[in-house]
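Quick notes on the structure that follows.
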Amino acid sequence: MSEKRCALVAIVGRPNVGKSTLMNHLLGQKLSITSRKPQTTRQQILGVRTSGNVQLVFIDTPGMHTGQASAMNRMMNKSALSALMDVDVTLLLCDRTRWTDEDELALAAASKQKGPVAFVINKLDLLTEPDALLPFTTALSDRCNFDVVLPISALRRQGLSELLAYLESRAPVAPHLFPEDQITDKSQRFFAAELVREKIVRQLGDELPYSTAVEVESFAENSNGVLHIGMLILVERSGQKKILIGESGDRLKSIGTAARKDMERMFGQKVMLKLWVKVKAGWSDDLRALKTLGLDSQSGT
Ligand SMILES: Nc1nc2c(ncn2[C@@H]2O[C@H](COP(=O)(O)OP(=O)(O)OP(=O)(O)O)[C@@H](O)[C@H]2O)c(=O)[nH]1
Ligand SMILES: [Mg+2]
């Protein structure tokens, strides 16, 4: 029997390049929430993949971003940076050749890594100018000593087996960090709240998602095995509350239904979900409020 190997793998990059999609598809299970809008992931989420003797522990991180200096934004960047500490491999993700100042932030952080950095070029399925790829990677490789450059499509699952083979080849001999059947470090409560946030981000306009947080108020299983979950959705202003609730409650209902269906799939149990909306001005810039919501880097399980 060969020895056990285990690697901690950070997935970093600017918002919206497909980090969470990649982690979900590498795990073969939806864990991290995803959306077309940037800044969907707000804190680190571990995803564990154990295959034979090799365990890969992925850390999905919030996208590194510039501007919008609220306390929450600062925490998101801090959380992304802290994921880089003590990992065995770093995956630096980008969206084709669309390089921005925020990619520069991520590149600068990745360049400081002691261990190998793999440059993963995502969304290959959308690439219209394949000729641009080589000069792009050559220019960047001059600036960061990439261990490997891997073009993939996380969404279409292209290049993922090559990526996994690469990661397995870099996994050091080490005991597994998690039992074989564990796939994350987060609780059901956490994912329940994340799924509600995902539906808000996906169903509502561009502004609202950034001003929204979801807090679990109650979470209990009754004797019939039904999970009763109550959640509070925090918004910054009363106008946002109106939008979230929608015409005679339609929007909130549709968010609730979509989230409940996903929860039932994820937990394998029937769920009764109740949602309330509350205005709490300035929550995203209030450190204490962020701690209560589990959005500081220490908590959030
Ligand atoms: N066409 C295409 N779309 C992709 C691919 N990978 C991700 N996407 C889409 O890109 C969008 C962003 O994906 P996410 O996985 O949420 O991106 P992220 O990097 O985690 O974003 P943040 O959490 O905001 O930092 C979603 O609409 C995904 O469906 C891909 O390979 N091809
Ligand atoms: Mg994400």
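Just name the residue that is modelled with the lowest pLDDT out of those in the range 210-243 that are small (Gly, Ala, Ser) and in a strand (DSSP E or B). Even if it seems obvious, please write down each step before you answer.
Here is the first cut: in the range 210-243, the residues small (Gly, Ala, Ser) are 211, 213, 218, 220, 223, 225, 230, 238-239.
Filter once more, so that each one left must be in a strand (DSSP E or B): 213, 218, 220, 230.
Details: Ala213: 92, Ser218: 96, Ala220: 96, Gly230: 97.
That would be Ala213.
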TODO: Out of Val17, Val54, Val48, report the one residue that is closer than 20 Å to Leu107 by Cβ and modelled with pLDDT of 95 or more.
DONE: Val17
TODO: Could you tell me which numbered condition Pro116 fails, if it satisfies all but one of (1) more than 16 Å from ligand 1 (Cβ to nearest atom); (2) touching a Ser or Thr at 6+ places or on another chain (Cβ under 8 Å); (3) more than 21 Å from Leu46 (Cα to Cα)?
DONE: (3)
Task: Scan of the range 49-80 for residues that are among the polar types (S, T, N, Q), more than 16 Å from ligand 2 (Cβ to nearest atom) and more than 19 Å from Tyr166 (Cβ to Cβ), ordered by number - done: Thr66, Gln68, Ser70
- [ ] Give the residue, chosen from Ala165, Ala171, that is surrounded by 18 or more Cβ atoms within 10 Å (Cβ to Cβ), more than 20 Å from the chain's Cα centre (by Cα) and more than 14 Å from ligand 1 (Cβ to nearest atom).
- [x] Ala171
Task: Residues of the range 1-25 satisfying the condition of being in contact with an Asp or Glu (Cβ under 7 Å, 6 or more places away or on another chain), within 13 Å of ligand 2 (Cβ to nearest atom) and hydrophobic (A, V, I, L, M, F, W, C) - done: Ile11, Val17, Met23
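Yes or no: Arg202 loosely packed, with under 15 Cβ neighbours inside 10 Å and either on the phi > 0 side of the Ramachandran plot or not hydroxyl-bearing (Ser, Thr, Tyr) (or both)?
Numbers: loosely packed, with under 15 Cβ neighbours inside 10 Å: no; either on the phi > 0 side of the Ramachandran plot or not hydroxyl-bearing (Ser, Thr, Tyr) (or both): yes.
No, not satisfied.
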TODO: Test Lys261 against the stated conditions and say whether it is over 18 Å from Gln188 (Cβ atoms) and not assigned by TED's automatic domain parsing to the domain that holds Thr41.
DONE: no
TODO: May I ask you to list pairs of residues, at least six apart or on different chains, whose Cβ atoms are under 7 Å apart, with the first in the range 17-36 being more than 6 Å from ligand 1 (Cβ to nearest atom) and the second being assigned to a helix (DSSP H, G or I) and of a type in the set (Asp, Glu)?
DONE: Ile33/Glu194; Ile33/Glu198
Open item on the list: Please determine whether any residue of the range 49-58 is among the polar types (S, T, N, Q), in contact (Cβ under 8 Å) with a residue 24 or more places away in the chain and within 30 Å of Gly282 (Cβ to Cβ).
Closed with: no
TODO: For Pro62, work out the one condition from (1) at pLDDT 90 or above; (2) more than 15 Å from ligand 1 (Cβ to nearest atom); (3) touching a helix residue (DSSP H, G or I) at 6+ places or on another chain (Cβ under 8 Å) it doesn't fulfil.
DONE: (2)
Task: Residues of the range 37-69 classified as part of a loop (DSSP other than H, G, I, E, B), surrounded by fewer than 17 Cβ atoms within 10 Å (Cβ to Cβ) and of a type in the set (S, T, N, Q), total - done: 3
- [ ] Could you check, for the range 260-269, whether at least one of its residues is among the acidic types (Asp, Glu) and modelled with pLDDT of 90 or more?
- [x] yes
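Would you check if there is a residue in the range 51-66 being among the polar types (S, T, N, Q) and under 11 Å from the mean Cα position of the chain (by Cα)? Spell out how you get there, then give the answer.
So the first thing to find is which residues in the range 51-66 are among the polar types (S, T, N, Q), and the list is 51, 53, 55, 61, 66.
Filter once more, keeping what is under 11 Å from the mean Cα position of the chain (by Cα): 61.
Within the range 51-66 (the criterion being among the polar types (S, T, N, Q) and under 11 Å from the mean Cα position of the chain (by Cα)), the answer is yes, since at least one residue qualifies.
The values are calculated or read from the model by the stated rules, or taken from the named source; none is laboratory data. Note that this is a predicted model, so its numbers are computed, not measured. Cβ: placed from backbone, ideal geometry, glycine included. Neighbour counts: every protein chain shown.
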